[in-house]
1. If 15, 129 are ordered by their accessible area, calculated over protein heavy atoms with a 1.4 Å probe, which sequence runs from highest to lowest?
2. Find which of 172, 123, 86 sits farthest along the positive direction of the dipole of the chain, computed with +1 on the beta-carbon of Lys and Arg, -1 on that of Asp and Glu, about the Cα centre.
3. Positive end of the dipole of the chain, charges at C-beta (+1 Lys, Arg; -1 Asp, Glu), about the Cα centre: which of 67, 181, 213 has its Cα farthest in that direction?
4. Where only protein heavy atoms count, and the probe is 1.4 Å, what is the accessible area per residue for region 84-224 in Å²?
5. Sorting check: for 130-142, 31-43, which peptide has the highest mean count of neighbouring beta carbons within 10 Å, and how do the rest follow?
6. Of all the accessible heavy-atom surface of the chain, with the other protein chains kept in place and a 1.4 Å probe, what percent is carbon and sulfur?
7. Placing +1 at every Lys and Arg Cβ and -1 at every Asp and Glu Cβ, with all other atoms neutral, what dipole size does the chain have around its Cα centre, in debye to the nearest 20?
8. Pairwise over distinct Cα atoms, reciprocal of the mean inverse distance: report the Kirkwood radius of region 1-98 in Å, one decimal place.
Amino acid sequence: FHNMVERAFTDDGLSHEAGVYHWFTVDPMMKFVEKMDRLGIDVMSPRFKRVFDGTLANTPTGVIGNWKAGGYFARAYKSYRDPAYIPTLKNSSNRKHVYWPPQGMSEAEVIAEEAKAPEPLTNNTLQKSNGYLWLREQSDKGFRALSINYIMQYDRSELDRLHVSLFDPQRVTHEVHRIKYGSPMAGMMKKTYGHNTVTIDRKDQKALPSTLAAFLDRDKLPAA
């Protein structure tokens, strides 16, 4: 487990293909955490915290609304007591799964902790290890976010880089999408840097590294 904590995630806290397979790495690890908890062994090391922090940073607003992920963050909050997890705990709760407030926490403690919880992310985020970049802007027309990936792909292994996803504030672009394994269309797919790329020679694009040439970290019109 500790070897996975160290080697299955980058320093940004994200596993390979963070859009999809990141969760396939986190899920069995959290099941192992639960088993160890029942044996009275806490394996939630300080190094593992970067996984939860990096996951939130790789979202439009730093908040996740998924009951299953909410369970992971509830366990993380128990160990790390990071108020940044509270919006996700609230947003992931439903009638069946209540992650906030935790059992046993007094009303005064709940109020004190909620006062520390951050507002939704509005600053730009650059995750250098994965090459994931989030440009965020609170404009006169509302919140917008743009994600770019220039090192690691978000999805599968079709190179899948150098494309963007726009949130306004909900996702309005769908370049990243999935074709079912075994689908006849899968045989037509080639490895390209951006989705929806038309090829005329039925060949993969040549694998070339890409680097971030410029990053304008500013409140209005951030750019990369």
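1. Numbers: 15 10, 129 50 Å².
Ranked list, largest accessible area first: 129, 15.
2. 172
3. Checked the options; the winner is 181.
4. Working: 9340 Å² over 141 residues.
Normalised by residue count, the accessible surface of region 84-224 is 66 Å².
5. Working: 130-142: 17.1, 31-43: 11.2.
So the peptides 130-142, 31-43, ranked by packing, come out 130-142, 31-43.
6. On the way: 7430 of 13340 Å².
For the chain, the apolar C and S fraction of the accessible surface comes to 56 percent.
7. Working: 31 positive and 26 negative charges, 133 e Å.
The dipole magnitude comes to about 640 debye.
8. Details: mean 1/r = 0.0735 Å⁻¹.
The Cα-based Kirkwood calculation yields 13.6 Å.
The values are calculated or read from the model by the stated rules, or taken from the named source; none is laboratory data. Here the structure is a predicted model, which means the values were calculated and not measured. So basically every Cβ, Gly included, is an ideal-geometry build from the backbone, and we count neighbours across all protein chains shown. Note: accessible area is taken over every heavy atom of the protein model, side chains too, but ligands, DNA and RNA are not part of it. Shrake-Rupley method; radii C 1.70, N 1.55, O 1.52, S 1.80 Å.
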